[in-house]
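The block underneath contains the structure these notes are about, expressed in structure tokens.
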There are 2 protein chains.
Amino acid sequence: MSDDVMGEARREPPPGFVNVDWTRGFGRQVGPLFRKDEGGRRTMGLFVEEHHTNGMRNAHGGLLMTLADMAWGNVVSMERSMFWVTVRLTCDFLSGAQAGEWIEAGGTLVADEDDLFVVQGRVWCAERQLVSGTGVFKAIKPREPRPGEKAFAAAGA
Amino acid sequence: MSDDVMGEARREPPPGFVNVDWTRGFGRQVGPLFRKDEGGRRTMGLFVEEHHTNGMRNAHGGLLMTLADMAWGNVVSMERSMFWVTVRLTCDFLSGAQAGEWIEAGGTLVADEDDLFVVQGRVWCAERQLVSGTGVFKAIKPREPRPGEKAFAAAGA
């Protein structure tokens, strides 16, 4: 085991996933993170690495919630191309993931009223469910649609 | 702004706080983290740094939830000196914190039945409440009491 994060093994993500390439902030700190956009849905994923683990060498709950927050909130991005903030996040921890495993997260928009979006989401590892929960997100303002988002696809059609 | 995390300014925490000194894993990755034990209660704190921030240069929700998870779960450590895992965490985001601000987190044990502990917790920045919420933790097994914990103080008395 090495404390040198940059020295950890780099693996290729599953087909279709691309590196999110956050160059700063907490997104960079918890990376590398990957995403796959397909049919207007975004899945985010990462390999659990040494720098993601808790004292039991499993993915830290804080990491799983961070991934959930990003992936579930991104449903608002995909559906509406708006900036958003998290209002409430509820996570039920069902199972753990070990260093070296590939985990993914995504969600479904279940309600949308007065700029409050409710997303039901999951974090999983192959067939194993790690987290299920609900995110409430507040849309702040519209922005230009970005690649992969529904409005981007519509504008380009 | 520098991407070199170790090059960021290091400030002294408020009186009574000591560096948690995690040398590995997610605890190290999201650090530096500090804690203060007083009268059987533990408060955890950190300076919001560049590597903790979201796109708006505020403390990332994932960071706040990570701090909440650690600080609220530590109530079980302090009260019962047991290993624990997180079962459910609910966080309401009330306000943000900017880079450079000092934030703290702590909680109160409100229920304890069948090795399930319920903690009501907060994350705050001076007088400003950032997060309020509830954590449900499952105690896995007893361990030797550590400094600051109630059982440690009792054993030493």
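For segment A:1-153, the Kirkwood estimate of the hydrodynamic radius, built from every pair of different alpha carbons, is 15.9 Å.
Each residue of segment B:90-102 is assigned a 3J(HN,Hα), and the resulting list reads 10, 10, 9, 8, 9, 7, x, 10, 9, 3, x, 7, 8 Hz, derived from the Karplus form 6.51 cos²θ - 1.76 cosθ + 1.60 (θ = phi - 60°), x at Gly and Pro.
Put B:Lys138, A:Lys36 in order of accessible area, highest first, and with a 1.4 Å probe you get B:Lys138, A:Lys36. Across peptide B:18-25, the mean count of Cβ atoms from other chains lying within 10 Å of each residue's own Cβ comes to 3. Global size of the protein assembly as shown: 19.3, 75 Å for Rg and Dmax (C-alpha atoms, Rg to one decimal, Dmax whole). Cross-link reach is defined here as a Cα-Cα straight distance under 20 Å, omitting same-chain residues fewer than 8 places apart; for B:Lys36 the lysines meeting it are B:Lys150. Across segment B:117-130, computed HN-Hα scalar couplings (Karplus, 6.51 cos²θ - 1.76 cosθ + 1.60, θ = phi - 60°) run 10, 10, 10, 8, x, 9, 10, 9, 9, 6, 8, 8, 7, 9 Hz from first to last residue, x flagging Gly and Pro.
Take each peptide in B:89-98, B:41-50, B:139-148, A:19-28, count the other Cβ atoms within 10 Å of every residue, and average; sorted highest first, the result is B:41-50, B:89-98, A:19-28, B:139-148.
Across segment A:11-17, rounded Karplus estimates of 3J(HN,Hα) from the backbone phi angles (6.51 cos²θ - 1.76 cosθ + 1.60, θ = phi - 60°) give 10, 7, x, x, x, x, 7 Hz, Gly and Pro being marked x.
Compared with the dominant Cα axis of chain B, that is its longest principal axis, helix B:61-80 is turned about 20°.
Counting Cβ atoms of other protein chains within 10 Å of each residue's Cβ and taking the mean over peptide A:79-86 gives 2.
The values are calculated or read from the model by the stated rules, or taken from the named source; none is laboratory data. No experiment lies behind these values; they were computed from the predicted model shown. Positions of Cβ are generated from backbone atoms using ideal geometry, with glycine treated the same way; all protein chains shown enter the neighbour counts. We work out accessible area using only protein heavy atoms, side chains counted, and drop any ligands, DNA or RNA first. Shrake-Rupley method; radii C 1.70, N 1.55, O 1.52, S 1.80 Å.
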